[in-house]
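Working notes, structure below.
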Amino acid sequence: MTVFEELKRRGLVAQTTNEEAIQKALDNDRVTFYIGFDATADSLHVGHFLQILIIKRLQMAGHRPIVLLGTGTTMVGDPSGKTDMRKMLTVDQINYNAECFRKQMEKFIDFSPEKCIVARNGDWLSNLNYIQLLRDVGVHFSVNRMLSAECYKSRMEKGLTFLEFNYMIMQSYDFLHLFRTHNNTMELGGDDQWSNILGGVELVRRAEGKEVFGMTFNLLTNSEGNKMGKTEKGAVWLDREKMPPYEFFQYWRNVGDNDVIKCLKFLTFLPIEEIEAMETWEGAQLNRAKEILAFELTKMVHSEEDAQKSLDAARALFVSGADSEHMPSSEIMLTDGIINIVELLKATGLAPSNGEARRLIQQGGIMVDDEKVDDIAANISAAAFGKGYVVIKKGKKVFHKAILKA
RNA sequence: GGGAGUGUUCCCGAGCGGCCAAAGGGGGCAGACUGUAAAUCUGUUGUCUUACGACUACGAUGGUUCGAAUCCAUCCGCUCCCA
C-alpha cells in the first residue's frame with residue numbers, strides 16, 4: 001500500500017487540488033511539501049499532532065517535509081473559521097512559542113538536514129516591502145473572491161480587520177517563496193486551511209506559471225461534528241506540564257463510542273487492517289478499543305512508561321477501586337486534629353467555593369475513603385488519616401489524595 | 001464624517017423604575033441508569049452564611065429617583081445604513 005492509499009484508507013484526505021497528479025507524485029517521486037504551524041501557544045495540541053503524524057507518514061515514505069514555523073504569519077493571525085480576532089502576540093512570545101513547537105516536534109519528526117527542513121516565515125515576511133508586495137503579489141488576488149471564501153463567512157457578519165484579511169496573502173506568499181527557494185511543490189494542512197492553500201497554489205501558477213498542489217486533511221471532529229481535543233480547561237496539550245500524562249490518557253480513554261475508530265485511524269500507527277477489524281466491536285470490547293487508543297497515544301506523546309503507569313492507575317482506580325500513587329494530591333493541615341469536610345474540599349481544590357462544596361456534599365457527590373459524606377458539618381479527624389492521607393472521590397471520575405501535612 | 005442600533009451572569013439570549021442574583025436555551029457540576037461511552041430523566045449552577053439574610057454584579061463614569069440592568073448625560077467597544 002502506498003502512502004497516499006494509506007492516507008485515503010484512514011479517512012484523512014479531505015480535499016485536493018488535483019488528486020490524480022498528487023497521487024502520482026507521491027507514488028513515484030520524492031516530493032518536497034510543507035505544513036505551516038502558527039505559534040499561537042507554547043505547546044502543541046492534538047490538532048497539531050494530527051498534522052505531525054501526516055508529516056511523519058510522508059517522511060517515512062521518503063518525501064521531504066518543510067516544517068514551517070509561522071513566526072511571521074502569527075504576527076497577523078489567521079481569521080479562517082474564527083468568530084473573533086485572536087489576541088495579538090508580541091514578537092518575543094511568538095519566537096518563544098515557535099521554539100517550543102520545534103522542540104516538541106523533534107520527538108516525532110526526523111529533523112536531520114537531508115530529511116527535513118525547518119523554516120520560519122518571519123525570516124522573509126518581516127522584511128517585505130509593502131508597495132513591492134502589493135505590486136508583485138497583491139495584483140494576483142481578487143478581493144471579491146477572497147471575501148466570498150467560506151472561511152470568512154462568520155467574519156463577514158462580525159467584522160474582519162484589514163490585518164487579518166491579509167493573512168491569506170501572507171500564507172500564499174510562503175508557498176511562492178518555498179517554491180522558489182526549495183522547489184517545494186505541495187502544501188498540506190487541516191481542512192480549515194483550504195482557502196489559504198488554494199491562494200498559494202494559484203499564486204504560484206500566476207506568478208511562475210507552474211502547477212503546484214494542495215491537499216487538506218479532515219479535522220479531528222467527533223460524531224456530532226464538534227472539534228475534538230478541547231476540554232473545559234482548554235486544549236489537549238502535548239506538553240506534560242500543561243497536561244499530565246494521566247489526564248491525557250483519560251481524555252482518550254473517555255472518547256465517545258462513535259469516535260474511537262476514527263481516532264485510532266487518524267492518530268495511531270496501528271496497521272489499518274487491525275483497526276478496521278475493530279469496527280465490529282461493541283460494548284465491553286469497544287471499551288477495550290478505547291484503552292488501546294489511550295495507551296498508544298500516551299506512548300507516542302509521552303512514553304511507554306507513562307502509558308503503562310496511566311493504564312495501571314486507571315485500572316486500579318476504576319476497576320478495583322484501589323489506591324494509586326498517580327492521583328493528583330495536595331497537602332492539608334488540621335486544626336485541633338480535625339478538618340471540616342467543606343474546608344477539605346476547598347483546600348484540595350475540588351471545590352472553588354464553600355457553596356460549591358456544600359452542594360457537592362448535599363447532592364451526594366463526595367466520598368472519602370469509599371464512604372459517602374452527605375453532611376456538610378462532617379469533620380474528618382486525624383484518625384481517618386491513618387495511612388497519612390485520605391482518598392477523596394468527587395463524582396465518578398475525579399480522585400484526589402489529601403495528604404496530611406506533618 | 002452623518003444616521004440607526006447595540007453592550008446583561010461561563011456562552012447565546014429575555015428583561016415591565018421596585019415582585020431581579022435577573023426568564024429561556026446551551027455548557028458545566030452532581031444524582032439515577034450504565035461500560036470511565038452516548039442518549040434519557042432529576043437536581044444544581046455569583047460570593048459569604050446552617051439558615052434568616054448580607055454583599056458584589058447587567059460596557060465605563062457621572063446624574064435623576066425613596067428606589068436603576070431598566071430613565072438622562074458623557075465616554076468606550078461592536079454592528080448596520082449613507083459618504
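Give the separation of the Cα centroids, region A:5-33 to region A:260-290, in Å. Here the two parts' Cα centres lie 24 Å apart.
Give me the angle, in degrees from 0 to 90, between the Cα long axis of helix A:304-315 and the longest principal axis of the Cα atoms of chain A, rounded to the nearest 10. Between the helix axis and the principal axis of chain A, the angle is about 40 degrees.
For A:ARG240 and A:ASP370, calculate 0.36 nm times their separation in residues minus their Cα-Cα distance, and state this gained length in nm to one decimal. If you can, show how the numbers build up before the last one.
Details: separation 130, 0.36 × 130 = 46.80 nm, distance 2.96 nm.
This chain segment gains 43.8 nm when fully extended.
Which loop GluC sites (Glu not before Pro) in region A:154-261, with loop taken from DSSP, have no more than 13 other Cβ atoms within 10 angstrom of their Cβ? Answer by residue number: A:GLU211, A:GLU224, A:GLU232, A:GLU241. Quick one: Cα centre-to-centre distance for region A:173-236 and region A:347-364, in angstrom? Taking the Cα centre of each part, region A:173-236 and region A:347-364 sit 46 Å apart. Over chain A, Cα pairs under 8 Å with separation of 6+ residues give a relative contact order of 14 percent.
Over chain A, average the accessible area per residue using a 1.4 Å probe and give it in Å², no decimals. Don't skip to the answer; put the middle values down first.
Details: 19750 Å² over 406 residues.
I get 49 Å² per residue for chain A.
Each 10 Å bin from zero holds the following percent of Cα-Cα pairs in region A:298-406: 14, 44, 29, 11, 2.
Counting only protein heavy atoms, what percent of the accessible surface of chain A is carbon or sulfur at a 1.4 Å probe? Using a 1.4 Å probe with all protein chains present, chain A comes out at 48 percent carbon and sulfur. May I ask which of A:LYS153/A:LYS227; A:LYS230/A:LYS299; A:LYS158/A:LYS397 have a Cα-Cα span longer than 30 Å here? Exceeds cut-off: A:LYS158/A:LYS397.
Can you give the calculated 222 nm mean residue ellipticity of chain A, where each DSSP H run of n ≥ 4 adds -39,500 (n - 2.57) and the sum is split over every residue, rounded to the nearest 500 deg cm²/dmol? Provide the component values of the computation, followed by the final result.
On the way: 18 runs with 176 residues, N = 406.
-12500 deg cm²/dmol, from helical runs alone.
Just flag the GluC sites (Glu not before Pro) in region A:48-153 sitting in loop per DSSP whose Cβ has no more than 15 other Cβ atoms within 10 Å.
The qualifying sites are A:GLU106, A:GLU114.
The values are calculated or read from the model by the stated rules, or taken from the named source; none is laboratory data. Note that the coordinates shown come from a computational prediction; the quantities given were computed from them, not determined experimentally. Note: ideal-geometry Cβ built from the backbone for every residue, glycine included; neighbour counts use all protein chains shown. Heads up: the accessible areas ignore ligands, DNA and RNA and are worked out on the full protein's heavy atoms, side chains in. Shrake-Rupley method; radii C 1.70, N 1.55, O 1.52, S 1.80 Å.
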